[in-house]
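One structure below.
Read the figures in this text as sums done on the coordinates, not as results from a lab. Model, not experiment: these values are computed from the prediction. Backbone-built Cβ (ideal geometry, glycine too); neighbour counts: all protein chains shown.
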Amino acid sequence: MNDTIGIGIIGAGLMGMLHARAFAQLPDARIVALNDPKLDESYKLPGQKKQPAIMKDHIELLERNDIDAVVIATPEPMHRKYSVDAAMRGKHILLEKPIATTIEDAQAIIDESAKNNVKLMLGHILRFDTRYAQIKAAVDDGTIGKPLVCYARRNALIQEARRLGGRCEVEEYISVHDIDQAFWYFQDDAVKVNAEIIEGNVMKELGVHDFIWITIRFTGGGLAVIETGWGLSESILKWKRPESWGGFGDVSLELIGEKGSIYLNYRPMTLAAIDDEGWKFPDTLHWPNLHGEVTGDLLDEDRYFLKVLRGEKPIISTGEDGMNALRVVLAAQRSYREGIPVSL
């Protein structure tokens, strides 16, 4: 690996651009090229020492010798195509969640990466959040004994559903975060999944459901309850000042074990303000703005990926982890459509 690792970005939406800004802040990385059909050659990426090339053809990007790894942040059904093409050309991959939308696509990504000795890391950002990682450390240390019950809530605002425009269901895009956390803590196989959905304003406007509750039973008897939605009132995020404040929703997690319990509460994050626009609750954890730069969990995830590429750290969010979360998502969808619990 070169002293400076060349990074290509495939998919220039919200997450792709956040990764591009974050990598540009790391001294041992450089964004070499971007691929997205909506970008033209006049586009200038903020925060770059040297502006990356804008490429309409992702194959052309993948065949560049000065690119060592790619971030793939395209819409979910396209993950297989771009990941397989990257792996075939020996490019290491940071793949945004979910890994794919079908088991077959996920397996193809995992197999092609292994076949070509490509490092595949999933963008399960909560594994790089200090607070969630501290929960994991406590579990591994035996502090609360054997985990018995995990309850996780992650409810976003309706603006998030509108941003995606109904292209996927909330469990595919958001629930995967907390499903992955449940697997991380229990370190066990899921054997049964049950799910119920609620339809409201999001369904009326975009054709996808507003909320879902998923229960996951693990082989060792553990139970996870995952509450997810993107139907919270838009009034929670209507402020315009300061421009650097990004919004957030309602997040919490409880993990109960045989000897103790752990509680995390991100409502309303860690900072609040009120003025003539009303109450404001900015994101201070995932990718907040610090003196004009991206910081928080996303920056830590990208920094960790560079250490993986250099062989300094193991991959802690693997393709198999992505597959575990996907299996639960697909089982949950079958459960609410057929009105039955689904065995895995």
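Test of understanding: ordering Lys49, Lys238, Lys91 by Cβ neighbours within 10 Å, fewest first, what list do you get?
Lys49, Lys238, Lys91
Taking the Cα centroid of the range 124-156 and of the range 228-261, what is the distance between the two, rounded to the nearest whole Å? Their Cα centres are 17 Å away from one another. Its Cα centre serving as origin, the chain has a Cβ charge dipole (Lys and Arg +1, Asp and Glu -1) of approximately 280 debye.
Can you give the FRET efficiency for Glu104 and Ile340, using 1/(1 + (r/R0)^6), R0 = 25 Å, r = Cβ-Cβ distance, to the nearest 0.05?
E(calc), rounded to 0.05, equals 0.60.
Only the Cβ atoms of Lys and Arg (+1) and of Asp and Glu (-1) were treated as charged; on that basis the dipole of the range 5-118 about its Cα centre amounts to roughly 380 debye.
For the range 275-280, putting each phi into the Karplus relation 6.51 cos²θ - 1.76 cosθ + 1.60 with θ = phi - 60° gives couplings of 8, 5, 8, x, 6, 9 Hz, in residue order, rounded to whole numbers and with x for Gly and Pro.
Beta bridges per DSSP, both residues in the chain: antiparallel share near 55 percent. Within the shell of other residues whose beta carbon sits under 12 angstrom from the beta carbon of Ala12, the net charge comes to +1, with Lys and Arg scored +1 and Asp and Glu -1.
Considering only His92, His291, His19, the mean-square fluctuation computed in a Gaussian network model of the chain, springs between alpha carbons under 10 angstrom, is largest for His291. Can you tally the net charge around Thr219? Count Lys and Arg as +1, Asp and Glu as -1, for every other residue whose Cβ sits under 11 Å from the Cβ of Thr219. Charge balance near Thr219 sits at 0.
Figure the gain on full extension for Glu243 and Leu14 (residue separation times 0.36 nm, minus the Cα-Cα span) and round it to one decimal in nm.
80.8 nm
Secondary-structure-derived ellipticity at 222 nm for the chain, considering helices only, amounts to -9500 deg cm²/dmol, per-run term -39500 (n - 2.57) for DSSP H runs with n ≥ 4.
Among the listed pairs Lys49/Lys97; Lys136/Lys307; Lys204/Lys238; Lys50/Lys91; Lys49/Lys240; Lys119/Lys146, a Cα-Cα separation exceeding 26 Å is found for Lys49/Lys97; Lys49/Lys240; Lys119/Lys146.
Report the calculated FRET efficiency for Thr270 and Asp3 (r = Cβ-Cβ distance, R0 = 51 Å), to the nearest 0.05. Using R0 = 51 Å, I get an efficiency of 0.90.
If you average the sequence gap of Cα pairs under 8 Å that are 6 or more apart and divide by the length of the chain, what percent do you get for the contact order? Before the final figure, lay out the partial values.
Details: 719 pairs, mean separation 65.6, N = 344.
It comes to 19 percent, rounded to a whole number.
If Lys and Arg each add +1 and Asp and Glu each add -1, what is the summed charge of the other residues whose beta carbon sits under 14 Å from the beta carbon of Gly47? Counting the neighbours of Gly47, the net charge comes to +3. For the range 132-177, applying the loop criterion from DSSP together with a ceiling of 11 other beta carbons within 10 Å to the chymotrypsin sites (Phe, Trp or Tyr not before Pro) yields no site.
Exposed loop sites, defined as GluC sites (Glu not before Pro) outside DSSP H, G, I, E and B with at most 16 other Cβ atoms within 10 Å, are absent from the longest region of the chain, namely 64-198. Cβ-to-Cβ counts within 10 Å put Val149, Val202, Val193 in ascending order as Val149, Val202, Val193, the fewest first.
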